[in-house]
1. Condition first: of a type in the set (Ser, Thr, Tyr), more than 15 Å from Leu52 (Cβ to Cβ) and touching a strand residue (DSSP E or B) at 6+ places or on another chain (Cβ under 9 Å). Now tell me which residues in region 7-37 satisfy that.
2. In this structure, is Ser122 under 19 Å from Ser28 (Cβ atoms) and not aliphatic (A, V, I, L, M)?
3. In this structure, does Glu56 turn out to be within 21 Å of Thr82 (Cα to Cα) and free of Cβ contacts under 8 Å to residues at least 40 places away in the same chain?
4. Among the residues of region 81-95 satisfying the criterion of being surrounded by fewer than 20 Cβ atoms within 10 Å (Cβ to Cβ) and among the hydrophobic types (A, V, I, L, M, F, W, C), which is farthest from Glu56 (Cα to Cα)?
5. What single numbered condition from (1) open to solvent by 20 Å² or more (accessible area, probe 1.4 Å); (2) modelled with pLDDT under 95; (3) out of contact with any Leu (no Cβ under 8 Å at 6 or more places or on another chain) fails to hold for Ala125?
6. So, in region 105-118, exactly how many residues are aliphatic (A, V, I, L, M) and surrounded by 21 or more Cβ atoms within 10 Å (Cβ to Cβ)?
Amino acid sequence: MTNFKLCVAISGSGTLLQRMITKGLDISLVVADRHCEGLAFAETAFIPAIVLNRAEFGWTPEHGWDDDPIHQIISPERTAFTLALAGALVQHDITLFAMAGFDVILPEQFFQTMRGRLITNSHPALLPTFKGPGHAVVDAALAAGVKYTGTTIHVANLDLDSGPIIDQGVVRV
């Protein structure tokens, strides 16, 4: 029996979610910010899933997706999405929120609402180098000509990709 309730957040293919399921993690909820392929893994594993589609909150690219600067503009649409996400996690008594390829940079309101709960992120590069949105950091690492790259699991906080590192995996380019 676990003493936490884990929610895994996804935005795409769900390969990290699939691995977590395969490893036997006790996942209480899956949340996605759009309808995506990864939701099939939750369904197959009989894990409850919810979709909070950003577009349904009116949060569209012109309101600033997560390729905007670290101090992104907080629009009413983004705030509504963030509060709905935090509300769903509170409603499900989630104590551990793991972003696994979740393409959302969380603003201050989320961290305020989730105070006291652990929030982690999987980052597709070796931190503290190459901070920022997923695809951009992979491209930046390759453009820099690094011989090694990898992935980082870290505690998420307001300072993007700067929370304490939990673990890293290194691969040769």
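1. Keep residues of region 7-37 that are of a type in the set (Ser, Thr, Tyr), which gives 11, 13, 15, 22, 28.
Remaining after also requiring more than 15 Å from Leu52 (Cβ to Cβ): 13, 15, 22, 28.
Result: Ser28, single match.
2. Working: under 19 Å from Ser28 (Cβ atoms): yes; not aliphatic (A, V, I, L, M): yes.
Judged against the criteria, Ser122 is a match.
3. Working: within 21 Å of Thr82 (Cα to Cα): yes; free of Cβ contacts under 8 Å to residues at least 40 places away in the same chain: yes.
For Glu56, the condition - within 21 Å of Thr82 (Cα to Cα) and free of Cβ contacts under 8 Å to residues at least 40 places away in the same chain - is met.
4. Restricting attention to region 81-95, the residues satisfying the condition of being surrounded by fewer than 20 Cβ atoms within 10 Å (Cβ to Cβ) are 83-84, 87-88, 90-93, 95.
This time we only want the ones that are among the hydrophobic types (A, V, I, L, M, F, W, C), so: 83-84, 88, 90.
On the way: Leu83: 14, Ala84: 11, Ala88: 16, Val90: 21 Å.
Ranking the candidates gives Val90 first.
5. Only one criterion is unmet by Ala125, namely (1).
6. First pass over region 105-118, keeping only residues aliphatic (A, V, I, L, M): 105-106, 114, 118.
Retained after the next criterion (residues that are surrounded by 21 or more Cβ atoms within 10 Å (Cβ to Cβ)): 105-106.
Of the residues in region 105-118, 2 are aliphatic (A, V, I, L, M) and surrounded by 21 or more Cβ atoms within 10 Å (Cβ to Cβ).
Residue by residue, here is whether (1) in contact (Cβ under 8 Å) with a residue 60 or more places away in the chain; (2) open to solvent by 40 Å² or more (accessible area, probe 1.4 Å) holds:
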{"residue": "Gly132", "(1), (2)": "yes, no"}
{"residue": "His135", "(1), (2)": "no, yes"}
{"residue": "Val138", "(1), (2)": "no, yes"}
{"residue": "Leu142", "(1), (2)": "no, yes"}
{"residue": "Thr151", "(1), (2)": "no, yes"}
{"residue": "Ala156", "(1), (2)": "no, no"}
{"residue": "Pro164", "(1), (2)": "no, yes"}
{"residue": "Asp167", "(1), (2)": "no, yes"}
{"residue": "Val171", "(1), (2)": "no, yes"}
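The values are calculated or read from the model by the stated rules, or taken from the named source; none is laboratory data. Being a predicted model, the structure only gives us computed values, none of them experimental. A quick note on method: Cβ atoms are made from the backbone with ideal geometry, for glycine too, and the neighbour counts reach across all protein chains shown. Ligands, DNA and RNA are stripped out before the accessible areas are found, and what is left, the full protein with its side chains, is counted by its heavy atoms. Shrake-Rupley method; radii C 1.70, N 1.55, O 1.52, S 1.80 Å.
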